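Have a look at the structure below, then the notes.
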Amino acid sequence: MSKTAQQTDPNLNALVLENIDRGVIAMGHKGDITLINPAGESYLGLSARHCLGKDFRALFAGQETLLYLIRIALDEGRTISDDEGLMLNRPKQPPMPVSIYAAPIFSRHAGQDGAVLIIRDLSRVRELENSLRRADRLSILGTLAGGLAHEIKNPLGGVKGAAQLLTMELPEESPLREYTQVMVREVERINNIIEELMDLGNPRPIQQEEVNLIKVLNDILLLQKEAARGRHISFTLAADPSIPSLLGDEGLLTRLFLNLVKNAVEAIDDEGAIVVEAKVSSDFHVSNPGEKRPSPMVIVKIRDNGNGIPADELERIFTPYFTTKIKGSGLGLTICQKIVEDHRGLLNIVSTPEEGTKITVSLPFR
Ligand SMILES: Nc1ncnc2c1ncn2[C@@H]1O[C@H](COP(=O)(O)OP(=O)(O)O)[C@@H](O)[C@H]1O
Ligand SMILES: [Mg+2]
């Protein structure tokens, strides 16, 4: 050690505080806020001007756990943390899941001088956890449903065959033919649902082919635009054309995005807009087992300004058969979740009633 007394540039300290993604809030020995960094301001939803000089007890009024943690650090001089998922209440925004670390500050000369609070935003972590939990639940349901579907398919084939035979037995002009045709048609409808279900239960191995995602998205939008002709819905694809191809199953990925875009169309009453965005994520990576370097992901966002999803329904939309539509199967999102999972990706949804829905699909390129 040659330069033991070397001091860090105070400007650098300030820059680091400004740029880290942790909320840092310091307070003096009486509990008055002496510092809050930009992340802290954004997490609390309050400006530094509002916070500085305020007593922490006023700032965090009603948030008992948080107050307790600060008191331990400030009054007892101990370090304490809570990683269990505290909810931080904010004045104008929904509560945010956070982890908290509180520690006494020791000045160079005069013992303890206040405390510091470090806040970490756990929203993203919680989102990932939710997505994983859903995937778990799905795999059990998928196995059950897939097995059941298999059992139903054979007798169904019998019913359809019999109805077809009956049709042939009836004279051309018989009014009874209408009924047998209904039978055949409805059996076919059940069959489609069952096939979707079987995909969920015992999926065929996914193909590993080079998929040009932009082309897939473009084709889907083109078709949907055509299907929605006469309605006032605008379709926009905002994608960087240089996005490289990704390794996956083109059929399944088409089904995934088609389902999502269809849902968006169905959420719009008279007029609205659907925007599909695709870009390479710069800040989100996934590591493949055995690989050192994490591979970047492509992020596809599907936004609509349709009628949105009420909070109490949001939890259930991935449940098989949950639908709010008269002719819905309620399997679309279940299948989407499954396809995303098979591609080692993530699916997230944010929705506000009356404002619309945003679905984010992140997929690794390889
Ligand atoms: N973009 C969206 N906007 C509003 N609601 C949606 C959207 N996507 C899905 N939903 C809701 O989730 C439910 C389940 O969707 P899904 O699994 O695709 O089944 P289905 O479309 O057959 O109803 C829908 O019935 C609807 O209530
Ligand atoms: Mg659907």
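What number of residues within the stretch 328-354 satisfy the criterion of being near ligand 1 (Cβ under 8 Å from one of its atoms) and in a loop (DSSP other than H, G, I, E, B)? Number of matching residues: 4.
Any idea which of Arg71, Arg78, Arg90 is of a type outside the set (A, V, I, L, M) and buried (at least 16 other Cβ atoms within 10 Å of the Cβ)? That would be Arg71, the only listed residue that is of a type outside the set (A, V, I, L, M) and buried (at least 16 other Cβ atoms within 10 Å of the Cβ). Checking each residue in the stretch 333-355 for being within 16 Å of ligand 2 (Cβ to nearest atom) and either exposed (fewer than 15 other Cβ atoms within 10 Å of the Cβ) or more than 25 Å from Ser245 (Cα to Cα) (or both) picks out Thr334, Ser351. Among residues of the stretch 331-359 that are within 15 Å of Gly308 (Cβ to Cβ) and free of Cβ contacts under 8 Å to residues at least 24 places away in the same chain, those with a Cβ under 7 angstrom from a residue that is in a strand (DSSP E or B) and among the charged types (D, E, K, R), sequence gap 6+ or separate chain, pair up as Val350/Lys358. Taking the stretch 251-274 as the range and being buried (at least 16 other Cβ atoms within 10 Å of the Cβ) and either over 16 Å from Ile317 (Cα atoms) or more than 14 Å from ligand 2 (Cβ to nearest atom) (or both) as the test, the residues that pass are Leu252, Leu253, Thr254, Arg255, Phe257, Leu258, Val265, Ile268, Gly272, Ala273, Ile274. Within the stretch 310-319, the set of residues being touching a residue at least 40 places away in the same chain (Cβ under 8 Å) and within 12 Å of ligand 2 (Cβ to nearest atom) comprises just one member, Phe318. Among the residues making up the stretch 111-129, those that are in contact (Cβ under 8 Å) with a residue 40 or more places away in the chain and not in a strand (DSSP E or B) are Arg126, Glu127, Leu128.
Per-residue answers, yes or no, for (1) within 17 Å of Ser42 (Cβ to Cβ); (2) at pLDDT 80 or above; (3) surrounded by 15 or more Cβ atoms within 10 Å (Cβ to Cβ):
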{"position": "Pro97", "(1), (2), (3)": "yes, yes, yes"}
{"position": "Tyr101", "(1), (2), (3)": "no, yes, yes"}
{"position": "Gly114", "(1), (2), (3)": "no, yes, yes"}
{"position": "Arg120", "(1), (2), (3)": "yes, yes, yes"}
{"position": "Arg126", "(1), (2), (3)": "no, yes, no"}
{"position": "Leu132", "(1), (2), (3)": "no, no, no"}
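For the stretch 250-280, a residue qualifies if it is of a type outside the set (A, V, I, L, M) and over 17 Å from Leu346 (Cβ atoms), and the qualifying residues are Glu250, Gly251, Thr254, Arg255, Lys262, Asn263, Glu266, Asp269, Asp270, Glu271, Gly272. Considering the stretch 24-78, and only residues there that are charged (D, E, K, R) and assigned to a helix (DSSP H, G or I), the residue that is nearest to the chain's Cα centre (by Cα) turns out to be Glu41. Each residue in the stretch 238-260 was checked for being more than 9 Å from ligand 1 (Cβ to nearest atom), in contact (Cβ under 8 Å) with a residue 40 or more places away in the chain and assigned to a helix (DSSP H, G or I), and 7 of them qualify. For the criterion of being within 15 Å of ligand 2 (Cβ to nearest atom), surrounded by 14 or more Cβ atoms within 10 Å (Cβ to Cβ), modelled with pLDDT of 90 or more and outside any loop (DSSP other than H, G, I, E, B), Val298 fails. Number of residues in the stretch 74-109 that are of a type in the set (Phe, Trp, Tyr) and under 28 Å from Glu127 (Cβ atoms) equals 1. The listed residues are Ala267, Ala273, Ala311, and the only one of them that is more than 8 Å from ligand 1 (Cβ to nearest atom), among the aliphatic types (A, V, I, L, M) and modelled with pLDDT of 95 or more turns out to be Ala273.
The values are calculated or read from the model by the stated rules, or taken from the named source; none is laboratory data. Small disclaimer: the values here were computed from a predicted structure and weren't measured. Methodologically, a virtual Cβ is constructed for each residue, glycine included, from the backbone with ideal geometry; neighbour enumeration extends over all protein chains shown.
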